[in-house]
Amino acid sequence: MLADFAAKQTFSNLEMFKKAKAASKLSWLKRDTTKFNTGSVAITKNGVHISGLMESRTNLLDITSEQATIALSVSKKDPHINEIVTVVEYEPGTEFLVSPIVIKILADHTRRTGTVINYTIFDKEGETLFTTSDASKVYNIYVPPILPLDKIKDWVPQANSHKITSEDKVLQLRNAALKGMETHFSADSKTSYGSAVIANGKLYFGGVYSSFDHRMNLHSEMVAALAAIMDGSRDIETVGIISNKFIDELPHMCGCCRQFFSEIQEKTKREIEVFVFSFDGKQVFRTKLNEYFPSSWHSGLSFDERQISKK
Ligand SMILES: [Zn+2]
C-alpha cells in the first residue's frame with residue numbers, strides 16, 4: 001500500500017500546525033506580495049491530505065485550502081475526514097473572521113460522509129484562532145440531514161496520480177480521466193465527469209466535487225489541476241476530460257475551467273493542450289488552450305506593477 005495511506009495516524013497540535021504551515025507554501029496566489037494566505041491539512045484514519053489556497057485572478061474561481069484538501073481526499077477515495085487544521089496568515093492589524101462559507105463546505109462534507117470534522121484554525125505563530133469539535137454544528141440555522149453517499153461505502157484509498165509510461169500518452173490520459181470519473185462526488189447527480197492532467201511526467205486525476213448549492217462546485221478539471229499543483233507539479237501541459245453523460249458526444253470544457261487553465265498557463269508560460277473524449281471512445285477533440293479560449297480575462301496590471309512599468 002502507499003506510504004501516504006499508512007496505518008492510522010495521530011498528530012499533536014504542533015505537528016498539525018507545522019503540516020498546515022508547510023501546505024501554505026504550496027498556495028497558488030495571484031501576486032507574490034499577497035497579504036493573505038492559508039494552508040490546510042485534512043486527516044483521515046488512512047492518511048493526510050494537504051493543500052494551499054488556490055487563488056484566481058477572477059476571484060470568482062478561488063478555492064479555499066479547506067475545500068481543496070477535501071476535494072483531494074475524495075480524489076484519493078479517502079473522504080472520511082476527522083480533522084481539518086488550517087494556518088492563516090493575514091495582515092497584522094486586520095481582524096480575522098472565520099469564513100461561514102468554509103464552515104458550510106465542511107458541514108456539507110459531513111452531510112455526505114457521516115463523519116464529523118473537528119476544525120481548528122491557527123495563526124502563523126501557532127495561536128489558536130478558532131476550534132470546533134464538529135463543524136456541522138457551528139451554525140444552528142444550517143443543520144442538514146446526514147445522508148452518506150452510497151458510492152463511498154466501497155471505496156478503498158488510492159493514489160490520485162501515477163507516472164507516465166512509454167505507452168500511448170493520449171490513451172493514458174483518457175484512462176486517468178476515467179479513474180478520476182469514479183470519484184465524482186455528488187448527492188444528486190446520476191452522471192459523472194472525470195479529468196486528468198499531465199505535469200512533470202505524471203498523470204493526476206480527479207472527479208467533480210459538487211456542492212448542495214451548485215455554486216461552490218469544483219469541476220473535475222479543477223480537481224485534477226489541484227492534485228498536480230498541490231503535489232508541486234505546477235507545469236501542467238495537458239488536460240483531458242471525459243463524462244459518462246456524453247456517450248457519443250464531446251463533453252467540452254466550460255468557460256470557468258477554460259479561464260482557470262488559461263490563468264495557469266499565463267503563470268507557468270507553458271502552453272496547455274486540451275483533449276476532450278467521448279465516452280464510447282470514438283471521438284477525440286484535440287486543441288491548444290489558446291485556440292479553445294483565445295481571449296481569456298486578465299486583470300491587467302496592478303497599481304504597483306503599473307508604477308514599475310512607468311519607470
Ligand atoms: Zn468546468
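The values are calculated or read from the model by the stated rules, or taken from the named source; none is laboratory data. Treat the numbers as computed from the prediction; the structure is a model and nothing was measured. Cβ coordinates were reconstructed from backbone atoms using ideal geometry, including for glycine residues, and neighbour counts include every protein chain displayed.
Can you confirm whether L203 is in a strand (DSSP E or B) and of a type outside the set (S, T, N, Q)? If you could, list the steps in order and put the result at the bottom.
Working: in a strand (DSSP E or B): yes; of a type outside the set (S, T, N, Q): yes.
Taking the combined requirement at face value, the residue satisfies it.
Please indicate, with yes or no, whether at least one residue in region 86-100 is over 14 Å from the mean Cα position of the chain (by Cα) and surrounded by 24 or more Cβ atoms within 10 Å (Cβ to Cβ).
yes
Might you let me know whether region 191-201 holds any residue that is in the same structural domain as E271 (by TED's automatic domain parsing), more than 25 Å from E291 (Cα to Cα) and more than 13 Å from the ligand (Cβ to nearest atom)?
Checked region 191-201: at least one residue is in the same structural domain as E271 (by TED's automatic domain parsing), more than 25 Å from E291 (Cα to Cα) and more than 13 Å from the ligand (Cβ to nearest atom).
(1) closer than 20 Å to E167 by Cβ; (2) more than 12 Å from the ligand (Cβ to nearest atom): which one isn't true of S211, the others all being true?
The number of the failed condition is (1).
Pick from K169, K179, K163, K151: which is out of contact with any Cys (no Cβ under 6 Å at 6 or more places or on another chain) and either small (G, A, S) or surrounded by fewer than 14 Cβ atoms within 10 Å (Cβ to Cβ) (or both)? Walk me through it before giving the result.
Values: K169 fails: either small (G, A, S) or surrounded by fewer than 14 Cβ atoms within 10 Å (Cβ to Cβ) (or both); K179 fails: either small (G, A, S) or surrounded by fewer than 14 Cβ atoms within 10 Å (Cβ to Cβ) (or both); K151 fails: either small (G, A, S) or surrounded by fewer than 14 Cβ atoms within 10 Å (Cβ to Cβ) (or both).
The conditions single out K163.
Report, by residue number, each residue of region 258-296 that is more than 16 Å from the ligand (Cβ to nearest atom) and assigned to a helix (DSSP H, G or I). Steps first, please.
Residues of region 258-296 more than 16 Å from the ligand (Cβ to nearest atom): 266-271, 273, 278-284, 286, 288, 290-291, 294-295.
Matches in region 258-296: E266, K267, T268, N290, E291.
Could you list, in sequence order, the residues of region 167-184 that are under 17 Å from the mean Cα position of the chain (by Cα), away from the ligand (no atom under 15 Å from the Cβ) and not basic (K, R)?
Within region 167-184, A176, E182, T183 meet the criteria.
Any residue in region 218-229 that is more than 11 Å from C257 (Cα to Cα) sitting within a Cβ distance under 7 Å of a residue that is away from the ligand (no atom under 11 Å from the Cβ) and among the hydroxyl-bearing types (S, T, Y)? List the pairs, counting only those 6 or more apart or interchain.
Sorted first by the residue in region 218-229, then by its partner, the pairs are A224/Y204; L226/S51; A227/S75; A227/S161; A227/Y204; A228/Y204.
Considering only region 53-91, how many residues are in a strand (DSSP E or B) and farther than 15 Å from A228 by Cα?
Of the residues in that region, 9 qualify.
Within region 92-133, track down each residue that is in a strand (DSSP E or B) and either among the aromatic types (F, W, Y) or touching a helix residue (DSSP H, G or I) at 6+ places or on another chain (Cβ under 7 Å) (or both).
Of everything in region 92-133, those that are in a strand (DSSP E or B) and either among the aromatic types (F, W, Y) or touching a helix residue (DSSP H, G or I) at 6+ places or on another chain (Cβ under 7 Å) (or both) turn out to be Y119, F122, F130.
Assess whether G300 counts as being loosely packed, with under 12 Cβ neighbours inside 10 Å, at pLDDT below 95 and not β-branched (V, I, T).
Spelling it out, G300 is indeed loosely packed, with under 12 Cβ neighbours inside 10 Å, at pLDDT below 95 and not β-branched (V, I, T).
Pick out the one residue from I43, I70, I50 that is among the hydrophobic types (A, V, I, L, M, F, W, C) and closer than 17 Å to S99 by Cα.
Of the residues listed, the single one that is among the hydrophobic types (A, V, I, L, M, F, W, C) and closer than 17 Å to S99 by Cα is I70.
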